[in-house]
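Reading through the structure tokens given below for one structure.
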Amino acid sequence: MSSKLIVGNWKMNGGLAANQVLLDGIKTGLGAMRCRVGVCVPFPYLAQVQLLLANTSVDLGSQDVSAQVSGAYTGEVSAPMLRDFGVRYAIVGHSERRQYHGESDELVALKTKQALAHGITPIVCVGETLAQREAGETEAVVKRQLAAVIHENGHCISEIVLAYEPVWAIGTGRTATPEQAQAVHAVLRAQIKAATAHAERVSILYGGSMNAANAADLLAQADIDGGLIGGASLKAADFLSILQAAHRCAG
Ligand code: 13P
């Protein structure tokens, strides 16, 4: 198995001074960590963070990417623009974008396609709301969300990173149990396997209140290949603890 992948999603947090402090802290503690690491930062800080991460093993990511390549799309940022700043990952379909910006499964699939077409690895987020979980719809919801992305991207699906983020666990301190997360990851893994002969390339991350205390148990699950970390990626010590848990999984 390849090493675990831990990605920080800063969301709409940070500032020039705070970013420097955070990244200095992460770089100092990074050592020879045996895991893959990325940080997805707000667009205005891509240039700053690209410089701060130069000559480190931490990859740069954005939190979104346009479904369009260029033109009259006010406020959008295209995949080629992200490439200009050395962006390796782009989060697509985060539940906060689905919820507050009305992003549909089809739009998420098109954004995925744009990222792939320009050499950026999309981190495709899927996940159910609390109401959907309580109605027993979890499996159907995540399968529908992933199916749209598979439909649009065909065999290229082996080049994505997938993130299962139950909406009810995001920013709530209420984490899915390792068993709950593993059950959904297994469903997603089976769906990817049915779509490509190279399913082993797809890392499936868990996201939703992952922190220093629960990371090891979540990462120990067979189908949890890493984490997408919100709140706990904003403090170097917290983020480093999660990296250490991932490092220990490498044996
Ligand atoms: P929290 O870790 O703050 O719950 O956020 C998870 C998330 O949404 C990562 O994309």
Separation of alpha-carbon centers, the stretch 177-251 and the stretch 107-152, rounded to whole Å: 17 Å
³J(HN,Hα) computed for each position of the stretch 109-117 - Karplus, 6.51 cos²θ - 1.76 cosθ + 1.60, integer Hz, glycine/proline x: 5, 6, 5, 4, 5, 4, 4, 4, 5
Loop-located trypsin sites (Lys or Arg not before Pro) in the stretch 129-198 whose Cβ has at most 15 other Cβ within 10 Å (DSSP): ARG174
Out-of-range pairs (alpha-carbon distance over 24 Å; input LYS143/LYS235; LYS4/LYS235; LYS11/LYS113): LYS143/LYS235
Using θ = phi - 60° and Karplus 6.51 cos²θ - 1.76 cosθ + 1.60, couplings along the stretch 151-164 (whole Hz; Gly, Pro as x): 4, 7, 10, x, 5, 5, 4, 5, 9, 8, 10, 10, 10, 8
Long-range amide H partners of HIS94 with built H, under 5 Å: CYS125
Three-way shape call for the chain based on the alpha-carbon gyration tensor, with the a/c threshold at 1.5: rounded
Nearest-20 debye value, the stretch 1-109 charge dipole, Cβ charges on Lys, Arg, Asp, Glu: 460 debye
Helical contribution to [θ] at 222 nm, DSSP H n ≥ 4, -39,500 (n - 2.57), averaged over the chain, rounded to 500: -12500 deg cm²/dmol
Unit charges on C-beta of K, R, D, E only; dipole of the chain, Debye: 480 debye
Distant-in-sequence amide H partners of GLY38 (H built 1.01 Å from N, under 5 Å): ILE6, VAL7, GLY8, ASP59
Rounded, prolate or oblate (a/c below 1.5 giving rounded, otherwise prolate when a/b exceeds b/c) for the stretch 130-251 by Cα gyration tensor: oblate
Low-density loop positions, GluC sites (Glu not before Pro), the stretch 115-162 - DSSP coil, at most 16 other Cβ in 10 Å: GLU137
Hz values of 3J(HN,Hα) by residue in the stretch 179-191 - Karplus curve (6.51, -1.76, 1.60), Gly and Pro given as x: 5, 4, 5, 4, 4, 6, 4, 5, 5, 5, 4, 5, 5
Assigned charges on the beta-carbon of Lys, Arg, Asp, Glu; the stretch 31-172 dipole about Cα centre (debye): 380 debye
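No lab work stands behind these numbers, since they all come straight from the coordinates. None of the values given here were measured: they were computed from a predicted structure. All Cβ positions, glycine included, derive from the backbone under ideal geometry; neighbour counts span all protein chains shown.
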